[in-house]
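Here the structure is laid out as structure tokens; the discussion comes afterwards.
Where a number appears in this text, it was derived from the coordinates with a stated rule and is not lab data. Predicted model only: the values in this text are computed from it and were never measured. Here Cβ is always computed from backbone atoms with ideal geometry, including for glycine, and neighbour counts include all displayed protein chains.
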Amino acid sequence: MKERIAELRSEVDNFIIDGDAALEQYRIAFLSKKGKISLLFDDFRNVPPEAKRETGLLLNELKQIATERYNDFRERLAMTDTFQSTADLSMPAHPFGEGTRHPISIVRNEIIGIFSRIGFTVSEGPEIEDDNHVFTMLNFASDHPARDMQDTFYIEKKSGSESDPHDVLLRTHTSSVQVRVMENQKPPIRTISPGRVFRNEAVSARAHCIFHQVEGLYVAENVSFADLKQTLLYFATELFGEDVRIRLRPSFFPFTEPSAEMDISCNICGGKGCNVCKGTGWLELLGCGMVDPNVLEACGIDSSRYSGYAFGMGIERATMLKYGVNDLRLYFENDIRFLNQFRTEIL
Ligand code: DAH
């Protein structure tokens, strides 16, 4: 009996199943009521009692293996069937969302486009800076209150609470790139510098510890405040549309003299006054001014020959004004429902 079981086992193993017909033959040969395995079960009666236990185990095992093999093949054939009848290999793959540019990238790229059309290049500088490029060379006196105004993330302080030109810090504004460009290039210089900046501020709807700025710089002979104003008007109409108006208010920055802040007419109410512009009709967009001669000289540029203007703006701020976003935190949470609303051409 044991030999017959072993023989049948190798028959089961070697039976070639290559399709539905062979599978049916297999079933009939081994698993049907009159199949070879059932016949062996019939003969089991004649096995002497002392061999029954061992033979029974072998017989059951054979039946189990043969059945498993049958089920296995049946499943495999069924799968091949559906595959062959439904698969169209020329069909495109599953559609998937294309993704969108982040609104900050959209507006940054738009700003770069606007200024490159009038001859501005793009320059970049390090995010980890030294005090010298962020403050000292930009005409901030060592005890200047503006140093405190910009709550700075220091990485390495050289001398306790004193400020030192060698202090290592995260840049608080992209004006530092002005300095690096002027140190390395001769006028005429016409460049913008987009990038990330860092300030040690509590995160709220109106403030964040990381945000983006674009700095602008033009240095050449006979650059005047009128050039600055016209450039900014061109920029505002390109970014916000033909109907936008601008106004300049006197202001103060250590690195520009004179300095101004530029407002645009409120694009929500058209200047009539609403709760976005707090009834004033104007929205603050950027800081600007004529580069202070001290800054030119610190960078090795002859201030008796050259003059220049500079401006700087927050990209989040510009994006908020352009799209009416009222909470800065939305830019950093990356909620798909927010991001999906911003679509653009390839940019
Ligand atoms: N750096 C200033 C800030 O972070 C912005 C700024 C103001 C840049 C006036 C300028 C400028 O170039 O001329 O608030």
Notebook entry, point to check: How large are Rg and Dmax for segment 146-190 when only the alpha carbon atoms are used, in Å?
Noted result: 13.2, 40
Checklist line | Mean separation of Cα contacts under 8 Å, 6 or more apart, over the residue count of the chain: relative contact order % | finding: 15 percent
Item checked: Percent of Cα pairs exceeding the 21 Å cut-off, where the set is segment 1-149 -> 72 percent
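Can you give me the convex hull volume of the Cα atoms of segment 228-290, divided per residue and expressed in Å³?
Numbers: hull volume 4.7 nm³, N = 63.
Taking the convex hull of the Cα positions in segment 228-290, it is 75 Å³ per residue.
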Next item on the list: Just flag the trypsin sites (Lys or Arg not before Pro) in segment 247-325 sitting in loop per DSSP whose Cβ has no more than 11 other Cβ atoms within 10 Å.
Entry: LYS272, LYS278, ARG305
Check: Which of the peptides 294-301, 3-10 is most tightly packed, and how do the rest follow, judged by the mean count of other Cβ atoms within 10 Å per residue?
Finding: 294-301, 3-10
Margin query: Could you work out [θ]222 nm for the chain from helices alone, using -39500 (n - 2.57) per DSSP H run of at least four and dividing by all its residues? Round to the nearest 500 deg cm²/dmol.
Written below: -12000 deg cm²/dmol
Notebook entry, point to check: Across the Cα atoms of segment 206-347, what radius of gyration and what greatest pairwise Cα-Cα distance (Dmax) are found, in Å?
Noted result: 17.1, 54
Check: If you take the beta carbon distance between THR237 and GLU7 as r and set R0 to 56 Å, what does 1/(1 + (r/R0)^6) give as a FRET efficiency, to the nearest 0.05?
Finding: 0.05
Next item on the list: Among the lysines, select those whose C-alpha is under 26 Å from the C-alpha of LYS229, and discard any that sit fewer than 8 residues away in the same chain.
Entry: LYS186, LYS272, LYS278, LYS322
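Counting other beta carbons within 10 Å of each residue's own, what order do LEU57, LEU169, LEU233 fall into, fewest first?
Numbers: LEU57 10, LEU169 22, LEU233 16.
Least crowded to most crowded, the residues run LEU57, LEU233, LEU169.
Of the beta bridges DSSP finds with both residues in the chain, what % are antiparallel, to the nearest 5? Present the calculation step by step, with values, prior to reporting the outcome.
Values: 43 of 45 bridges.
Around 95 percent of the beta bridges assigned by DSSP in the chain are antiparallel ones.
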Checklist line | Selected from HIS173, HIS94, HIS144 as most flexible by GNM, with the chain as the system and alpha-carbon contacts under 10 Å | finding: HIS94
Checklist line | Phi-based couplings in Hz for segment 123-134 (Karplus 6.51, -1.76, 1.60; Gly and Pro marked x) | finding: 10, 10, x, x, 7, 8, 10, 10, 3, 4, 7, 8
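On a full-extension model of 0.36 nm per residue, what is the gain between ASP227 and THR344, subtracting their alpha-carbon distance, rounded to one decimal in nm? Mind showing how you got there, number by number?
Values: separation 117, 0.36 × 117 = 42.12 nm, distance 3.08 nm.
Difference between extended and current length: 39.0 nm.
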Check: Long-range amide H contacts for SER251: which residues qualify at under 5 Å (H placed 1.01 Å from N, peptide plane, sequence gap of 5 or more or a different chain)?
Finding: SER259, ALA260, GLU261
Notebook entry, point to check: Relative to the longest principal Cα axis of the chain, at what angle does helix 2-14 sit, 0 to 90 degrees, rounded to 10?
Noted result: 40 degrees
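Among SER193, SER38, SER265, what is the fewest-to-most ranking by other Cβ atoms within 10 Å?
On the way: SER193 23, SER38 14, SER265 20.
Lowest count first: SER38, SER265, SER193.
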Next item on the list: Provide the net charge surrounding ALA202, with neighbours chosen by a C-beta distance below 13 Å and charges set as Lys +1, Arg +1, Asp -1, Glu -1.
Entry: +1
Notebook entry, point to check: Roughly how many Å is it from the Cα centre of segment 191-220 to that of segment 305-337, as a whole number?
Noted result: 8 Å
Notebook entry, point to check: What cysteines in the chain have no other cysteine with a beta carbon less than 4.7 Å from their beta carbon?
Noted result: CYS209, CYS288, CYS299
Next item on the list: Please arrange ASP130, ASP327, ASP42 by counting, for each residue, the other beta carbons lying within 10 Å of its beta carbon, fewest first.
Entry: ASP42, ASP327, ASP130
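Where in segment 153-233 are there trypsin sites (Lys or Arg not before Pro) that are in a DSSP coil and have at most 14 other Cβ atoms within 10 angstrom of their Cβ? Don't skip to the end; give the middle numbers.
Details: sites: LYS157, LYS158, ARG171, ARG180, ARG190, ARG196, ARG199, ARG206, LYS229; in loops: LYS157, LYS158, ARG171, ARG199, ARG206.
Answer in residue order: LYS158, ARG206.
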Item checked: Distance cut-off 35 Å, percentage of C-alpha pairs in the chain lying past it -> 48 percent
Checklist line | GNM flexibility winner over the chain from PHE30, PHE120, PHE253 (Cα, springs under 10 Å) | finding: PHE30
